[in-house]
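All of the numbers you see were taken from the coordinates with simple rules; none came from a lab. Note that the structure is a prediction, hence the values are computed from the model and not measured. Virtual Cβ from ideal backbone geometry, glycine too; neighbours counted across all protein chains shown.
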2 protein chains.
Amino acid sequence: MSLGDAFHVFDTTLRDGAQREGVSYSVNDKLAVARLLDEIGVGFIEGGWPGAMPKDTEFFARARSELTLRNAELVAFGSTRRAGVRAAEDRQVLALRDAETPVVCLVAKSDIRHVERALRTTLEENLAMVSDTVAFLVAEGRRVFLDCEHFFDGYAADRDYGLRVLSAAFEAGADVGVLCDTNGGMLPMGLGRVVAEVASRTGFRLGIHCQDDTGCAVANTLAAVEAGVTHVQGTANGYGERAGNADTFSVIAGLVTKMGRSVVPDRCLPELVRVSHAIAELANIAPDTHQPYVGSSAFAHKAGLHASAIKVSAELYNHLDPAVVGNDMRILVTEMAGRASVELKGRELGIDLSAQPDAVGRVVSRVKELEADGWSFEAADASFELLLRAELDGARTAAFTLESYRVLVEHWGNGSVLSEATVKLYVDGERIIATGEGNGPVNALDQALRTALTRRYPALAAMELADYKVRILAGRAGTGAVTRVLIETTDGASAWTTVGVHENVIEASWHALVDALSYGLRRHSQL
Amino acid sequence: MSLGDAFHVFDTTLRDGAQREGVSYSVNDKLAVARLLDEIGVGFIEGGWPGAMPKDTEFFARARSELTLRNAELVAFGSTRRAGVRAAEDRQVLALRDAETPVVCLVAKSDIRHVERALRTTLEENLAMVSDTVAFLVAEGRRVFLDCEHFFDGYAADRDYGLRVLSAAFEAGADVGVLCDTNGGMLPMGLGRVVAEVASRTGFRLGIHCQDDTGCAVANTLAAVEAGVTHVQGTANGYGERAGNADTFSVIAGLVTKMGRSVVPDRCLPELVRVSHAIAELANIAPDTHQPYVGSSAFAHKAGLHASAIKVSAELYNHLDPAVVGNDMRILVTEMAGRASVELKGRELGIDLSAQPDAVGRVVSRVKELEADGWSFEAADASFELLLRAELDGARTAAFTLESYRVLVEHWGNGSVLSEATVKLYVDGERIIATGEGNGPVNALDQALRTALTRRYPALAAMELADYKVRILAGRAGTGAVTRVLIETTDGASAWTTVGVHENVIEASWHALVDALSYGLRRHSQL
């Protein structure tokens, strides 16, 4: 079900968002991101700049045959024609046409200083460039939106010129005039006043595009909606140049849950967390754990004070039911949390601790000791559960006894690099020696350990290492740096995370690896 | 020079900010953070909750003898007395007094649902708790601010009760009533309206405390100032529970540079970047490269379009001169940047490339190839400069020729872990074999390499590895994961960063290590 054209959520992750430092999408990545954005119900997906970026030209070509969107229309981005040529003869404008998208978003200068000093043309020629290019694309059957670059800075310098640019576009057939805070220097109060003024002076359909240079991109976008725009531009997770863009997810969640606007289909809102994390993976950026609405910490409570009260009534401590956006409320196990948090965490894991105050006390002190050494159980539920069960009932959590391991990495003269590991251990009294190779030292260690254990524990065959993270914790006063390793393991049906900490990255990995396999074996009742 | 009492910047990094998932400060850390916050000119530093957290009690005790602040006053945080006891008999209130800070910030319930369901007392007793505790501390000579927890949610449920809490506090001698958006669900427009209403109904001096659950904490804070508050609370880098708090740095920069308020001494503003990064180090959190104003990418331009125009006039493309907040404008070398960026980057490095179009072309294609394999030069200027010089003039950038290296990590039965590395290499035709030990494999490799090279290159003795970062880049369609290592090296006078990428973390580290030493030797004219 489409929500119609009354309100546009326009996502530009694939164009403006790709300007973020460190991001580089392949064409396959871009197709995957477009599919994900479609799943949260945005109305428009700006795919790139055909003609200017070869990868983007290829994206639009492949999108025609490979991309089926349920909610969104695809948008090609480009600039108005060059000065002094006809639109129909401008290669970049023709590439826009040839992208064959239903919608084109054109960028135009709307600040006289940029026209004169960066574009180096006359104010009149710039208006003609807008008018001609819009008219050409409308005649080709395209719907055209106009991004007015530097609109707010331009408005401060010369209020009328931006309005003339808007008029030129609308007279030529444009549908939306998007006011862009390109340099990102606006605050919501001032921005809202300009938007309201432009809306009342022109009566045009307006949109908003905000950068986050003052930390106000989301607020600016929402303030513009309150002031009358019906088209908002954002990027997944706020990715973008400099401080980034307005975060599409926070904008959608704010519009729906705080402003009561139905801007995406109802069924899409609970997809926000999944889509946010999946796009972070494709962009190869660690998800921001503290991102509003979708971060893994967005509804996580750490303070002991809060944890006690949350046992009474969760809704008093959350601005929103986390399930609405597909998130969970987590209780963190940390030095600040104390007993109430450990009990709640036990409840999350299905273990009733209320009758075992001594065990809770032992767990709390053990966690505090380990955290003082750099361990962190906040992201490593599986390691925490092993610790909890060991303290609770002295449960057997070790699959073997280690005698020793050895890891070797060799770089030879011909440039080839070899990694090899040997483990010596005892399983049920039997001494086992096994060697494994891998593409790196931890992979080799994992191979050796599995080789040694799989005969006794066949469930290991179904488990694999899904993710591996390394964090160097800076040394503090008098201590050396330590390395914290997080390992995510999956057996196909579920996934769990374990932690290891040591000054030596191999030993830290070993701890996390052993916890990972032990936890998996417990799940499969082999331990 | 103090700015007087007209406007308060109140930082709570050490109390509310310490609730961020993953953060744990030692007492030494807390003292260091307080000194840093003082350097940016905040008026108040909330140091913790004496009595509730042993570490915080110790912090205030040590602060009395060890902490000398130029700009800020120290604040102890605590809650109002418990129900049914006298303030003078409440241990937590006495601990607040005994912290001996000039200012105390008390938190009080101001939402009737929290009074009845979480605190489980009567509305009248809660008012008495506020009144008694404020009066007791004022009589002890303390200045008292009152944090009205859940003020905005409470105001929506019952407008009058929050005002009665404020009245109780002011009648007992409080100086500021801080309206807290504790659950963080507000947007700036609505929040500004409530603040303006409360200000006009009470005439009290008001403050604002915002959480970032809607992504609007900074905007909400600035909107509250526009609506009349003269006291703002924030945390360094926005650290805090869930999505965090209003970022003190963005709030200060927004107030000074966008709203024209003189809220910190003029000389302090250029310290923002340094202090932000230093506190991130102490909190052990990687600095957010895209943080407004202070992030290393906050003024970095990637788009080829922008890079060309920036050559004309930088001020058209920045919302602020980066130097105002102590930041730099950087031009990024990436696949999108193209020739203009490489030329500008060369200019940053003091190399004029305008006369060497072919070399620029070769550098651009080499960078594109390497970035496709996961390399990134955005953060590794030293590796980029080595690449540039090698392409430009075929300059000698290698200190030796490698025959082979071998790294060994062994974990023995007694639990001890050994790391050892051996390198075999040629320097000026001479074959050298050297072995090093370390607390981990990379450290051992570094030791072995230095042992082999220091006789020929004595400048190596002054260089040391200052930081080491590891990032696992997720595998894409058909390729395995690769590891990217960044190494920061210092010779005491300056620091430089190099990069290495390989599927094997040891080999990736080797690349970054070799670049690090080569770059250092070039600086010392030994290469």
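Rounded to the nearest 20 debye, what is the charge dipole size of chain A about its Cα centre when +1 sits on each Lys and Arg Cβ and -1 on each Asp and Glu Cβ?
The calculated dipole for chain A is roughly 300 debye.
Going 7 Å from Cα along the Cα-Cβ axis for the label, what nanometre distances separate B:Ser262 from the same residue across the other copies?
Values, ascending and in nm: 5.4.
Using a simple charge model, +1 on the beta-carbon of Lys and Arg, -1 on the beta-carbon of Asp and Glu, nothing else, what dipole does the protein assembly as shown show about its Cα centre, in debye to the nearest 20?
It comes to approximately 240 debye.
How crowded by other chains is A:400-410, given as the mean number of beta carbons from other chains within 10 Å of each beta carbon?
5
To the nearest Å, what is the center-to-center distance of segment B:1-76 and segment A:406-455, using C-alpha atoms only?
Taking the Cα centre of segment A:406-455 as reference, the centre of segment B:1-76 is 49 Å away.
Tell me the relative contact order for chain B as a rounded percent, counting alpha carbon contacts under 8 Å between residues six or more apart.
9
So for the pair B:Asp266, A:Glu430, with labels modelled 7 Å out along Cα→Cβ, what separation do we get in nm?
About 8.1 nm, to one decimal.
Highest mean first, how do A:182-190, B:117-125 rank when packing is the count of other Cβ atoms within 10 Å averaged over residues?
The most tightly packed comes first, giving A:182-190, B:117-125.
Measuring from a point 7 Å out along Cα→Cβ, what nm distances, shortest first, does A:Ser65 have to its partners in the other copies?
Sorted ascending, the copy-to-copy spacings read 7.9 nm.
Return the subset of A:Lys345/B:Lys109; B:Lys109/B:Lys258; A:Lys30/B:Lys258; A:Lys469/B:Lys55; A:Lys345/B:Lys55 for which the Cα-Cα distance in this structure is over 28 Å, preserving the input order.
Long pairs (Cα-Cα over 28 Å): B:Lys109/B:Lys258; A:Lys30/B:Lys258; A:Lys469/B:Lys55.
Can you tell me the orientation of helix B:54-66 relative to chain B, as the angle in degrees between its alpha-carbon axis and the longest Cα principal axis, to the nearest 10?
80
Report the local net charge at A:His8: Lys and Arg +1, Asp and Glu -1, summed over other residues whose C-beta lies under 14 Å from its C-beta.
-3
Sort B:227-239, B:244-256 by the packing proxy (mean of other Cβ within 10 Å over each peptide's residues), most packed first.
My ranking of the peptides, most packed first, is B:244-256, B:227-239.
Counting Lys +1, Arg +1, Asp -1, Glu -1, what net charge surrounds A:Ala508 among other residues with beta carbon under 13 Å of its beta carbon?
My count for the surroundings of A:Ala508 gives -1.
Taking the Cα centre of segment A:8-283 as origin, sum charge times position over the Cβ atoms of Lys and Arg (+1) and Asp and Glu (-1), and report the length of that vector in debye to the nearest 20.
In debye, rounded to 20, segment A:8-283 gives about 200.
So if I restrict to the alpha-carbon atoms in the protein assembly as shown, what is the Rg, and what is Dmax, the biggest pairwise distance, in Å?
Looking at the protein assembly as shown, its Cα Rg and Dmax stand at 29.7, 89 Å.
I'd like to know which of B:Gln447, B:Phe136, B:Ala286 lies farthest towards the positive end of the charge dipole of the protein assembly as shown, counting +1 on Cβ of Lys and Arg and -1 on Cβ of Asp and Glu.
Checked the options; the winner is B:Gln447.
Of the trypsin sites (Lys or Arg not before Pro) in segment A:392-449, which ones lie in a loop per DSSP and count no more than 15 other C-beta atoms within 10 Å?
Of the trypsin sites (Lys or Arg not before Pro), the ones in loops of segment A:392-449 whose Cβ has at most 15 other Cβ atoms within 10 Å are A:Arg396.
Taking only Cα atoms of segment A:111-249, what ratio of Rg to Rh do you get with Rh as the Kirkwood inverse-distance radius?
0.96
What is the sum of charges around A:Gly173, taking Lys and Arg as +1, Asp and Glu as -1, for the other residues whose C-beta is under 10 Å from the C-beta of A:Gly173?
Within the 10 Å Cβ shell, the charges total 0.
Given N residues in segment B:352-474, what is Rg(Cα) / (2.2 N^0.38 Å)?
1.33
Please compute the Cα-Cα pair-distance distribution of segment A:8-283 with 10 Å bins starting at 0, giving whole percents from short to long.
Per 10 Å bin, starting at zero, the Cα-Cα P(r) for segment A:8-283 comes out as 7, 32, 38, 20, 3 percent.
Principal axis lengths of chain B from Cα atoms, whole Å, largest first?
The principal-axis extents, from largest down, are 87, 64, 50 Å.
Give me a single rounded figure for A:114-121: the average over its residues of other chain Cβ atoms within 10 Å of their Cβ.
Taking the mean over all residues of the peptide, I get 3.
What FRET efficiency do you get for B:Ser416 and B:Ser494 if R0 is 35 Å and r is their Cβ-Cβ distance, rounded to the nearest 0.05?
Computed FRET efficiency for B:Ser416 and B:Ser494: 0.40.
Taking the simple approach of a point 7 Å from Cα along Cα-to-Cβ for both B:Ser404 and A:Ala461, what is their distance in nm?
3.6
Put +1 on the Cβ of every Lys and Arg and -1 on every Asp and Glu Cβ in the protein assembly as shown; which of A:Phe77, B:Leu96, A:Ala493 then has its Cα farthest towards the positive end of the dipole?
Farthest towards the positive end: A:Ala493.
If each of B:Val138 and A:Glu66 carries a label point 7 Å out from its Cα toward its Cβ, how far apart are those two points in nm?
7.0
Among A:450-459, A:410-419, how do they line up by average Cβ neighbours within 10 Å per residue, starting with the highest?
Peptide ranking by packing, descending: A:450-459, A:410-419.
Which distances, in nm and shortest first, link the B:Arg456 label point to the same label point in every other copy, taking 7 Å along Cα→Cβ?
5.0
If amide H atoms are built 1.01 Å from N in the plane of the peptide, which residues on other chains or at least 5 residues away come under 5 Å of the amide H of A:Gly374?
Residues meeting the criterion, in which the H sits 1.01 Å from N, do not exist here.
Counting partner chain Cβ atoms within 10 Å of every residue's Cβ in A:238-245, what's the average?
6
Given only helices, namely DSSP H runs of n ≥ 4 each adding -39500 (n - 2.57), what is the per-residue ellipticity at 222 nm of chain A, to the nearest 500 deg cm²/dmol?
-11500 deg cm²/dmol
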